[in-house]
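The following block contains the structure, expressed as structure tokens.
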Amino acid sequence: MSGVLHLAQAQSNRVARGRKKDFPDAERLVKRLMAQELTLSFVPDAEQRLWRTVMRRKWQVTQNRVQLQNRLECLLEKAHIKLSSLVSDLIGASARRMLQALANGETDPATIAALGSRRLHATPDQFRDALGACADLHPVYRRLLTLTLEELHVIEDHIVQLDQEMAGLLRRYQPAVERLAEVPGLGVDSAQQIIAEVGATAATFPSPKHLASWVGVCPGDEESAGVNYSRRSPNGNRQMRRVLNQAANAAVKKGSIFEVVYRRLVPRLGHAQAIGAIAHRLCRLIWKILHQGVSYEERGPAVTKHRAQRRAAKMIRELRSLGYRVELVLSTPTIPA
């Protein structure tokens with residue numbers, strides 16, 4: 001027994017109130033489906049569902065990493081170690097070397113401070129003051145710190161494995177990943193998340209308006225008797241909305257056309273609505289890049305050749321670190337999006 005799964009929206013199957021009956025209801029559903037009266041929801045195929053599983057699992061592991069960082073900071077505060085006030089990234093390379101020495105039993109603040117990077121904007125006296133409590137630190141705190149660092153290593157190892165797994169699944173769609181990663185505010189990881197949610201070609205959505213409505217980055221339309229009562233955006237796909245909002249906040253700081261649009265909109269709409277408008281533009285742009293196979297081309301006075309070369313080099317490093325094979329060849333001009 002096999003068949004095709006159709007997920008219909010309940011609003012398109014309204015009936016008169018009364019007691020439900022299984023067989024008449026099933027018969028009515030089949031008749032409305034054959035008459036194309038039901039509004040069907042998007043159900044991805046088995047391959048895309050696998051992509052979603054991997055990327056959403058990676059998002060959960062990334063959240064665990066952030067929670068672990070907060071717990072680490074709380075542990076250091078209880079131990080009267082103020083390292084987070086001097087180091088911007090508590091789980092970065094410099095901070096991790098100092099924390100590992102502290103967990104191994106080091107009691108000299110000067111020795112621990114010497115493990116930090118030279119680029120840290122803190123004097124030796126500030127480090128000695130922040131790490132002064134390590135001289136008589138209780139052994140329980142050292143053991144708890146060791147367990148926290150080991151858990152952090154496990155989480156980061158899982159993230160690397162998920163990255164490699166996703167790179168293998170999307171290897172034949174590498175051109176689509178590269179085209180999306182060229183958009184300001186997006187990267188290789190964001191491109192993989194988008195493809196996992198909407199597909200490699202966004203073929204399910206006939207137009208960018210359909211995609212924006214499905215994601216929920218368009219104004220709502222709660223209208224009755226010619227009066228619009230709410231312009232609140234629909235719920236949509238939460239994963240895509242999260243990615244687009246993060247990309248919009250990053251795009252307005254990259255010196256691109258999105259920054260120009262944001263500065264024009266923010267005095268009238270405010271930050272939140274201006275970011276929503278940028279996310280809507282990004283969503284329509286994503287549909288065009290995936291559906292039509294075009295490449296993004298930035299134009300405007302904010303674009304320089306040096307900035308474009310740096311962004312291309314960064315994208316190549318990200319692709320190679322995730323397991324993709326990148327070869328530098330002279331490309332022909334493509335149609336701009």
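How fast does region 237-292 diffuse by Stokes-Einstein, in µm²/s, taking the Kirkwood radius from C-alpha pairs at 25 °C and 0.890 mPa s?
Working: Rh = 11.4 Å.
The calculation lands on 215 µm²/s.
Evaluate Rg over Rh across the chain, taking Cα atoms for both radii and Kirkwood's formula for Rh. Don't jump to the answer; show the numbers that get you there.
Values: Rg = 25.6 Å, Rh = 24.0 Å.
For the chain, the value is 1.07.
If one takes the longest principal axis of the Cα atoms in the chain, at what angle in degrees, from 0 to 90 and to the nearest 10, does the Cα axis of helix 271-292 lie?
With rounding to tens, the tilt is 70 degrees.
Give me the net charge for the shell around residue 258: Cβ to Cβ below 12 angstrom, other residues only, Lys and Arg +1, Asp and Glu -1.
+3
Using helices alone, I'd like the mean residue ellipticity at 222 nm for the chain: each DSSP H run of four-plus residues gives -39500 (n - 2.57), total over residue count, nearest 500. Intermediate values should be presented prior to the final figure.
Working: 13 runs with 193 residues, N = 337.
It comes out at -18500 deg cm²/dmol, rounded to the nearest 500.
Would you list 326, 215 from fewest to most Cβ contacts within 10 Å? Write out the running numbers ahead of the final one.
Working: 326 13, 215 28.
Fewest-to-most Cβ neighbours within 10 Å comes out as 326, 215.
Classify region 110-164 from the C-alpha gyration tensor, please: rounded if a/c falls under 1.5, else prolate or oblate depending on whether a/b exceeds b/c.
Details: a/c = 4.45, a/b = 1.53, b/c = 2.90.
In terms of gyration-tensor shape, oblate.
Ok, one more. Sort 166, 240 by Cβ crowding within 10 Å, fewest neighbours at the top.
On the way: 166 25, 240 22.
Sorted ascending by nearby Cβ count, the order is 240, 166.
So what's the gap between the Cα centers of region 48-99 and region 236-289, to the nearest angstrom?
Region 48-99 and region 236-289 have Cα centres separated by 27 Å.
Taking a cut-off of 18 Å, what percent of all Cα-Cα pairs in region 8-131 are separated by more than that? Display every interim value, and only then the final one.
Working: 5242 of 7626 pairs.
Cα-Cα pairs of region 8-131 separated by over 18 Å account for 69 percent.
What ranking do 75, 137 get, fewest neighbouring Cβ atoms within 10 angstrom at the top? Present the calculation step by step, with values, prior to reporting the outcome.
On the way: 75 15, 137 19.
Listed from fewest to most nearby Cβ atoms, that is 75, 137.
Taking 7 Å along the Cα-to-C-beta vector as the label spot, tell me the residue 165-residue 311 distance in nanometres, rounded to one decimal.
So the label points at residue 165 and residue 311 sit 3.2 nm apart.
Then there's this: Helix 188-198 versus the longest principal axis of the chain: what angle, 0 to 90°, nearest 10, using Cα atoms?
Relative to the chain, helix 188-198 is tipped by roughly 30 degrees.
Using only Cα atoms, tell me the angle between helix 46-78 and the longest principal axis of the chain; keep it within 0 to 90° and round to the nearest 10.
Roughly 30 degrees between the two axes.
Another one. Just the Kirkwood number for region 1-41, please: inverse of mean 1/r across all distinct Cα pairs, in Å, one decimal. Could the numbers behind the result be given before it?
Numbers: mean 1/r = 0.0891 Å⁻¹.
About 11.2 Å for region 1-41.
Laboratory data are not the source of any read-out in this text; all were calculated from the coordinates shown. Note that the structure is a prediction, hence the values are computed from the model and not measured. Here Cβ is always computed from backbone atoms with ideal geometry, including for glycine, and neighbour counts include all displayed protein chains.
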